[in-house]
Amino acid sequence: MTDGTPKVPRETPEERALRRRPPGWLAPGPKPPAPSEAPGDDETLSFLSGDFRLFQKRAGNRWSIDELVTAFVASQVSPQEAHSHLDLGCGVGSVLLLLAWRFPERRGIGVEAQAVSAELARRSIRYNGVAERVTIVEGDLRDVELGERFSLVTGTPPYFPVGSGTISSRVQRAPAAFELRGGIEAYAEAASRFLCENGTFVVCNGVKGNHSEPLRNERALATAGLDVTARLDVIPRAGKEVLFSVYTAQKSVTGAPRCATVSTLVVRDEAARITDAFAAVRDHFGMPPLR
């Protein structure tokens, strides 16, 4: 039963992004060239960093805080030395483009197995005018050959083992959520193969519920010959448990594990307001204030 009042259409992510841009706020950073193409009916062209934008499927797997915090941690890794960046399982290219916006001199390559996601990433790369230094290789990260090594490798693996839940039939979502092509172990092994001698691997993975068994993430990195040097635990709201962690790791040199520093990022306080720490993450990537 309804009272006859027309329903207000649900706000799209793009409309929400536009609303959140305060009047008078000017986006920092590099500017994309004149738009070369528009999103399809089933797509959005969402704001990312500054004026950079990202093509996404409306009902597909969309970029989120996981990728944002991973890119933030990766941006802290000796930027003057990390001139080559590889993103494993890059999806629609959010981490690639966040770092491409932050470091205009940096070259990046993304490896993505889903054709639909790889094509969306390519379109976003062209739209933002960075095709001369950011590319997509379509393939499985477990066996792809690139012929080079990288000083920075990033990854945001799927969190859920096959059999731990219902696999979505929506476009992109199944491989993005479930370990259909391997989980943290596959990402760690690939990172070890592609890292240069002094390179750094930054990877995000879940730590609660059926996301991972205790110490699985640490064990996967160690098995791949990578020492964890830092861990950032992300808490969605004050008082809640850790939702996911972002690990910084390097190739083991001495064979003895290094002492890892552990820190915490709380996204919202008890009243659900954005914290100063998370506001700083957004500002780091040229995003408008939310408060």
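Things worth noting here:
- Under 5 Å between amide hydrogens, built in the peptide plane, is the criterion, and for T229 it picks out T248, A249, Q250 among residues at least 5 positions away or on other chains.
- Using 0.36 nm per residue and subtracting the Cα-Cα separation, the extra length available between D269 and A222 on full extension is 13.5 nm.
- Sorted on the mean count of surrounding Cβ atoms within 10 Å across their residues, most packed first, peptides 268-276, 33-41 read 268-276, 33-41.
- Efficiency of FRET from Cβ geometry, V262 and E132, R₀ 51 Å, rounded to 0.05: 0.85
- Over region 64-284, the Kirkwood radius and the radius of gyration, each from Cα atoms, give a ratio Rg/Rh of 0.94.
- According to the Kirkwood relation over distinct C-alpha pairs, the hydrodynamic radius of region 217-276 is 12.8 Å.
- Taking GluC sites (Glu not before Pro) across region 96-127, the ones in a DSSP loop with at most 12 further Cβ atoms lying within 10 angstrom of their Cβ are E105.
- Computed over region 15-119, the P(r) tail beyond 22 angstrom holds 34 percent of alpha carbon pairs.
No lab work stands behind these numbers, since they all come straight from the coordinates. Computed from a prediction, not measured in an experiment: that's the story for all the values here. Every residue, glycine among them, receives a Cβ derived from its backbone with ideal geometry; neighbour counts consider all protein chains shown.
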